[in-house]
Amino acid sequence: MKFLHPSWHFYALIFGVITGIAFFTVSGQPLFRAPSWFVLDLVLVLIALFIPCRITLPIAFAAGFLLAGFRFSPELADRLTLASFVGQTVTISGIIAEDPDFSESGAALRLSRLSIDNRTFSGLIYVKLSGQNYDFLRSDHLVLRGKFGDGFGTFVGSLYRPEIVSFTRDHPGDVFARFKQFFSGLVHDKIDSPVSDLGLGYLMGQKNGLSKDFSEQLRAVGMTHVVVASGAHLAIIVVAVRKIFGRISKFAELLFAILAIAAFVLVVGFTPSMTRAALVAVLGLLLGFFGRKLSPFRLLGLVAALTLLISPTNLQNIGWQLSFASFFGIMIIAPRLTRHFYGGKNPPWLASMLITSLSTTLICAPVMIFNFGSLSLLSFVANLIILPTLPYAMVLVFLTGATSFFPLLSSFFAILASALLNIHVFVIDFLSQQETFILTFASNNPLIYLIYLPILAVLLYNIYHEHQKRNRNGPICRELCKEPVPTGDNRLDR
């Protein structure tokens, strides 16, 4: 029996989970629901871990596939039941899962913890309310009555212009959502819209204040990610916290960094991109504290599997797809392009930014084209101008709100923040008007994902080449090929 490195079984298990979620998403059939399937899955995992050989490699894949089915099946069964309500007038209650999106036409809500006729269901439904003057917050409880519609994307159903039967807010409710609303009010008092809305989008991922036109400009320029709290925003916070508390001790640095991550996630909300970013950040901090390192491939696969097990519908979420695509570009594609052009040297700042921007744009392009039917070539320029100054914008907006009880100081920070944010608004507005550099395609065409095939082929060749190079430079090869050691005794050479 030939034993394999345990990493092969790790990849097989992860690949089984991701493949299983994809399979059940497409099929929609709730299989492996019985607890006995979970017991079988646990046995298969133990076999794969303790007997890592070629025979147990497919067992590891099967264990991941079964785990995905066991996790996803209850939600699929609920989705099939909810489909029977389509076209009927129902009374449904739920909790607002994410920050509401307010606009001139009304409010868009995402309800979870659904209940119809005293029966609970998992999943999210999309609710569109007409009118204005709504004061909803995340975690508020609503009872609505209206015609139940089909679901789409990650939503299991929809309600358009329903009647609001009741609206309640627990006390204290979601204190972080209340703080977010309170802090936003402080910033709005000092910085005028739409500049303040952009600043709050940077700082807390708050998009509901952005106008529809400006949101379209962000999408046209390929900069939507800057107002969606994710890894870049979390990295800025973690770096700042580590610089402050790293002077005390390594443990203090770890503790306060994790606390900052937890606080930021609770304020922003558990969106798919935020969940991914938080898991990556916490795993990276813990591994660094204990002196361990996880390869980008393992980290990407582990976090992808975990986020899909937490919420299997993430696979259909555009935010989740773009988050992992950009993460793949930054962690895997960009370092290889850097080594190709610069070898072991550190590239100049501008070159590093261009390589990172190129990598993320290349990997995110199919997702953008499939969902939006357009791709902006100006994202390189926008990234070079906006991303380097993003940390300063976030800090200035935060200080504007944090020092609001000291009017003179708060006004000073507000002036600086407004000046920087106005530059960002000007850049986004100017670039969005350069329609020559915005390419349009047919949306919802799955053939666009074939672009990944040559990228994957080149990546696999590069990995194989690096593996062969490491083997040639391994300890045995170095021992055989090293130069003779001078002895200093000429008699040995006679």
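Brief remarks follow.
- Label-point separation in nm, residue 259 to residue 429, each point 7 Å along Cα→Cβ: 4.2
- Per residue, the accessible area of the chain comes to 54 Å², computed with a 1.4 Å probe over protein heavy atoms only.
- Rg ratio for the range 211-349: its Cα radius of gyration over 2.2 N^0.38 Å, N being its residue count, equals 1.15.
- Cα-based reach from residue 469 at 27 Å (exclusive), listing lysines while leaving out same-chain residues under 8 positions away: 2, 293, 345, 482
- The simple Förster model, with R0 at 51 Å and r as the Cβ-Cβ distance, assigns residue 266 and residue 464 a FRET efficiency of 0.70.
- Each residue was assigned an accessible area with a 1.4 Å probe, and for residue 119 the value is about 120 Å².
- Degrees, to the nearest 10: 175-190 long Cα axis against longest axis of the chain: 80
- Pairwise FRET efficiency - residue 179 versus residue 447, Cβ, R0 = 60 Å, nearest 0.05: 0.85
- Integer Hz, Karplus 6.51/-1.76/1.60 couplings in order for the range 166-172, x for Gly and Pro: 8, 9, 10, 10, 5, 10, x
- Across the range 134-280, the volume of the C-alpha convex hull divided among the residues equals 160 Å³ per residue.
- In summary, the lysines within cross-link reach of residue 147, defined as a Cα separation below 21 angstrom excluding same-chain residues under 8 places away, comprise 128.
- Gained length - residue 349 relative to residue 287, 0.36 nm times residue gap less alpha-carbon distance: 19.6 nm
- Potential lengthening between residue 170 and residue 8 on full extension [0.36 nm per residue; Cα-Cα distance subtracted]: 53.5 nm
- Its relative contact order, with pairs defined as Cα atoms under 8 Å and 6+ residues apart, puts the range 221-285 at 41 percent.
- P(r) tail for the range 42-130: Cα pairs beyond 22 Å make up 51% of the total.
- Share of pairwise Cα-Cα distances greater than 36 Å in the chain is 40 percent (whole percent).
- Modelled FRET efficiency - R0 22 Å, residue 163 with residue 83, Cβ distances, 0.05 increments: 0.45
- Where labels lie 7 Å past Cα in the beta-carbon direction, separation of residue 143 and residue 38 in nm: 3.2
- Zone residues, the range 34-57, relative to residue 19, backbone N less than 17 Å from point 7 Å out along Cα-to-Cβ: 41, 44-45, 48-49, 53-57
- Once divided by 2.2 N^0.38 Å, the Cα radius of gyration of the range 298-432 becomes 1.31.
- For the chain, the relative contact order comes to 12 percent (Cα pairs under 8 Å, sequence separation of at least 6).
The values are calculated or read from the model by the stated rules, or taken from the named source; none is laboratory data. Just so we're clear, the structure is a prediction, and the values are computed from it rather than from any experiment. All Cβ positions, even for glycine, are placed from backbone atoms using ideal geometry, and neighbour counts span all protein chains on display. Just so you know, the surface numbers come from the protein's heavy atoms only, side chains and all, with ligands and any DNA or RNA stripped out. Shrake-Rupley method; radii C 1.70, N 1.55, O 1.52, S 1.80 Å.
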